[in-house]
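Below is one structure, written out as structure tokens, with a few remarks after it.
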Amino acid sequence: MTDFYFILQQMLYFSVPLLIVALGGMFSERSGVVNIALEGIMLFGAFFGILFVDFLQSKISLEAFNSITSQQLVLLSGLIVAGISGALFSLFHAYASVNMKADQVISGTALNMFAPAVAIYLARSMAFTNYTQQVGFTGTLFLIRKVPLLGDIPFIGDILFKQVYITTYIGFLILAISYVIVYKTRFGLRLRSCGEHPQAADAAGINVYKTRYFGVSISGLLAGIGGYIFIVTTSTEFNATVAGYGFLALAVLIFGQWKPMRILQAALFFGFMKTIASAHSGITALNILKIPSEVYKMIPFLATLLVLAITSVNSQGPKAAGQVYEAGKR
Amino acid sequence: MMRNFLNRYINFFSSLLAIIAGLLFGLIIMIITNPQDASSAFFTILSGGFEDGFTSISRTILYATPIIFTGLSVGFAFKTGLFNIGASGQVMIGAFVAIYIGVKWSFLGPIHWVIALIFAGLAGALWALLPGLLKAYRNVHEVVSTIMMNYIGLYLVMLLVKRTVFNQEKNESMYVLKNAVIPSFTLERLINGLSKIVGSRFAQSIEKFIVGLFKLINLDAYDLIINYGFFISILVVIIIYIILQKTTFGYELKAVGFNKDASKYAGVNEKRSIVLSMLIAGGLSGLAGGIIYLNDIGRSIEVVDVLNPEGFIGIPVALIGLSHPIGILFAGIFMGYITLGGFYMQIHDFAPEIIDIIISSIIYFSALVIIFKEFINRMSKRRMSRGERND
């Protein structure tokens, strides 16, 4: 039984960043801008967020870290830095896609290539990181072993309130907020209209440029946060890569049909797949089969392909996503 | 007059503008991070490709050849409206097949490398088949499917290398047999070949003449080593050009790229075009894999979780070359040139990733210059209509 809880706990580590980044992608594509730069923005946000955390952890002596609150504050401040960096970086994509009417896939690819180059370049130029590209941090300080009261609840307690990071709750909070914004606010309605028929939105008085800028910036914010959470919760150092997560998030977005709740389901599915892939050696049932580890690593991607093959036929993305917005077009 | 000139070569100028902008941006970053060394380092990036005479030129061609192939792969797919980000996986699959044949099929004799290369291309094509089919028949976005294939290919190749051609000490694939190495063009080879035609005495005097000639401009003619892969790449560039510009098939592919529905209405089987386009694109990247790894300079497939970089560099090469085969040829050479410059620049205390920064900014700016093209187009149209009104 502990194996089962272990799988679910691990699954959350993988699913939450996927969820957040995919929600970010949703905001961008719903406004009409295809954002394949999620991978690069994740990396960019993760780099600056973790750099900040590393900085804090080195400057403040460990005694000040004894309280759980201060550890979580460090985590949160890194998260804010990551989000802001991601949002700023995504502005390049917004500018190219909205003002310069560039091909959104090309601009996204440029950002994807730019992010690791800049992260490695800066890391290697700084004495603080010993002139290497790895940025280490002490992530174990952030792990919450057990939430005082809630962790005792029989079933849910073991999954959601033990061996968890505060970022899991942040992820669900973001999900809830995103749902409300997109479906229950005026801004959300305008956002969606820009992605379906920007000319009609323009005729109704909505500033398509401004809305799309918002859409892309929110996606940058969330992608930065997601990248940061991904590295912090699954690794001990930042090594200039997010292992294709940004692209997995795109697949989650498509699988989730651009709807928040579906995206959650898709993210959980993929998180589960990824967990099987990395934690298979800890699961006794699977060990017996002696499947090579490379096959496990392939599984999330194979599963994605399969899922896409089945669901994409009737895929209904935002109608105007990826199209250059020309004000006078019919 | 000036406007006509600009119009005809507008694509070339747009690319040039993007390149200059990217380089300048890189220069600015270098100045910000290390003001004193920036200008000399930047100069080294620009001139490094010529520093060591023929050795540098040979190295530039060595870097350029595989990315010309991956550039063609990405560019060809672009023409059909497809974004082939899967070049990396296709290269890796092609590389494995090439190495496997190179190590195991010793019975092939002198044509060993040719067979290995051909199969590498076929393997790459096969790897692109699935994304092509998924796009054509199941509407799966090729960006996501090819990225998935990249990772699947990576892990598959890691598994296969470990099981078949593993060099355990170095954690990489084994070296290929001598006959499987793609030969290189050198002065020696040329003279050897010549002596079979015109006799060895005459050939040797030609040799002395050539060596002496190049010595005048301070070049050592023996340093010139050009892999046959480069000549193959030129051949392939010409073939792709002919396919795209001179055949009905190429015309159909381009039509599908411009407007899928209109081509379907005009009778083009757009599903078949998409699949065939991906097959060719995959084949080109597979060839790249063979070109890179059928070597005797010690480069083997490392069994690590890293996607092949040459596949991704094909994207800027295709963009800078504007998806035109000849443009891609020059773009590949340019990319090889500044990459070499980047290596030389390391003496000046800059991390070589600055080259990646420059390349990615060039891509970014090349996406922006589209608006520059539109601007020029609009200007010339306005002048034309004004001229008509004056009549």
| remark: Per the C-alpha gyration tensor (a ≥ b ≥ c, the square roots of its eigenvalues), the range B:85-181 is rounded if a/c is under 1.5, else prolate if a/b beats b/c, else oblate; here it's oblate
| request: Mind checking which of A:Pro154, A:Asn207, A:Ser217 is farthest towards the positive end of chain A's charge dipole, using Cβ charges of +1 (Lys, Arg) and -1 (Asp, Glu) about the Cα centre? | output: A:Asn207
| remark: Calculated from DSSP helices alone, with each H run of at least 4 adding -39500 (n - 2.57) and the total divided by the residues of chain A, [θ]222 nm to the nearest 500 comes to -23000 deg cm²/dmol
| Tell me, A:Asp202, B:Asp305 in order of fewest to most beta-carbon neighbours within 10 Å? | B:Asp305, A:Asp202
| request: Over the whole of A:239-246, what's the average partner chain Cβ count within 10 Å per residue? Rounded to a whole number, please. | output: 2
| remark: Where a ≥ b ≥ c are root eigenvalues of the Cα gyration tensor, a/c under 1.5 meaning rounded, otherwise prolate if a/b exceeds b/c and oblate otherwise, the range A:16-116 counts as prolate
| field | Test item: A:304-315 mean partner chain Cβ contacts at 10 Å | value | 5
| field | Unsatisfied cross-links (Cα-Cα over 18 Å) in the set A:Lys319/B:Lys264; A:Lys274/A:Lys297; A:Lys59/A:Lys162; B:Lys135/B:Lys246 | value | A:Lys319/B:Lys264; A:Lys59/A:Lys162; B:Lys135/B:Lys246
| task | Among the aspartates and glutamates, select those whose C-alpha is under 16 Å from the C-alpha of B:Lys196, and discard any that sit fewer than 8 residues away in the same chain. | result | B:Glu188, B:Glu207
| task | For every helix of n ≥ 4 consecutive DSSP H residues, a contribution of -39,500 (n - 2.57) applies; sum these over chain B, divide by its total residues, and give [θ] at 222 nm rounded to the nearest 500 deg cm²/dmol. | result | -26000 deg cm²/dmol
| query | Across peptide B:342-351, how many C-beta atoms of other chains are within 10 Å of each residue C-beta, on average? | reply | 1
| query | Shape call for the protein assembly as shown from the C-alpha gyration tensor, a ≥ b ≥ c root eigenvalues: rounded (a/c under 1.5), prolate (a/b greater than b/c) or oblate? | reply | prolate
| field | Residue order, fewest to most beta carbons within 10 Å, for B:Trp127, B:Trp113, B:Trp105 | value | B:Trp105, B:Trp113, B:Trp127
| remark: Per-residue Cβ contact counts at 10 Å, fewest first, order A:Tyr209, A:Tyr183, B:Tyr100, A:Tyr228 as A:Tyr183, A:Tyr209, B:Tyr100, A:Tyr228
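Every number in this text was worked out from the coordinates using simple rules, so none of it is lab data. Everything numeric in this text was worked out from a predicted model, so none of it was measured. For neighbour counting, all protein chains shown are included, and Cβ atoms are generated from backbone atoms with ideal geometry for every residue, glycine included.
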